[in-house]
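Report on the structure given below.
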Amino acid sequence: MSSDRQHQGWLQGKLLLASTHLRNSFFDRAVIGIVEHTDDGTVGFILNRPSDILVTDVFDPLPPPLDNASPVYVGGPVQLEHAIGVTDGEPDQPANVVLVDIREMHLGDDRRLRIYAGYAGWDAGQVEWEIGMESWLVVDAVGDDFFSEHPATLYERIADRCVTIRRPAPTLFSTNDDDATEVVAFEVALAPP
């Protein structure tokens, strides 16, 4: 692992895009927004998994600007019985974690809040290991990724930022490189808008 990735916080504010290694698992086609990455571990939320439960099914009507008709999202497999809020961060931070005590929150009119049941969590070094095993592709968050109005298409839109290249894969038993290919994905740096 490169030294620039070993420092605390390098994943915070980034997205993890589930690879095909996670098919048929809880994280199949998941886009996870990372909100905390420290030496103790990593916390994120699945951004593209709204549930059928509405905020009003769980809470009494919330004060504006909170959207009572929005769904509660499944944030991950850890502590699904707990509600957690994620709100817009400061200009230099894509998101802040807010433990839900909605009645006591005072958001400005321009702040958004999304309610999650549970979260995705990793112990120290675990997510880095999973990234090294190619379970996740790390992608920069842009625009409204953390608060997408179209979560059903978020995975595809994030994947479109990545490029797939086919190149011959080395094999032990083949002398013809056309017999095997490997897929290499990498992130394309986007120019700022």
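The values are calculated or read from the model by the stated rules, or taken from the named source; none is laboratory data. Everything numeric here is computed off the predicted structure, so don't read it as measured data. Note that we place each Cβ from the backbone using ideal geometry, even for glycine, and neighbour counts take in every protein chain shown. Note: areas computed on protein heavy atoms with side chains; ligands, DNA, RNA excluded. Shrake-Rupley method; radii C 1.70, N 1.55, O 1.52, S 1.80 Å.
Every residue, every condition in (1) modelled with pLDDT of 90 or more; (2) open to solvent by less than 70 Å² (accessible area, probe 1.4 Å); (3) under 20 Å from Gln12 (Cβ atoms), yes or no:
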site: Gly125; (1), (2), (3): yes, yes, yes
site: Ile131; (1), (2), (3): yes, yes, yes
site: Glu149; (1), (2), (3): yes, no, no
site: Thr153; (1), (2), (3): yes, yes, no
site: Ile158; (1), (2), (3): yes, yes, yes
site: Thr164; (1), (2), (3): no, no, no
site: Pro168; (1), (2), (3): no, no, no
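Please name all residue pairs, on different chains or six or more residues apart, with Cβ atoms under 9 Å, provided the first residue is in segment 28-44 and is more than 13 Å from Gly75 (Cα to Cα) and the second residue is part of a strand (DSSP E or B) and hydroxyl-bearing (Ser, Thr, Tyr).
Glu36/Thr42
Could you give every pair whose Cβ atoms fall below 8 Å, whose first residue belongs to segment 74-89 and is at positive phi, and whose second residue is buried (at least 19 other Cβ atoms within 10 Å of the Cβ) and among the aliphatic types (A, V, I, L, M), counting only separations of at least 6 or pairs across chains?
Pairs that qualify, where the first residue is at positive phi and the partner is buried (at least 19 other Cβ atoms within 10 Å of the Cβ) and among the aliphatic types (A, V, I, L, M), are Gly76/Ile32; Gly76/Ile46; Gly76/Ala120.
Looking only at strands (runs of 3 or more DSSP E) that fall completely inside segment 1-114, which ones have 3 or more residues that are surrounded by 18 or more Cβ atoms within 10 Å (Cβ to Cβ) and modelled with pLDDT of 90 or more?
Those strands (runs of 3 or more DSSP E) span 14-18, 31-38, 41-46, 71-74.
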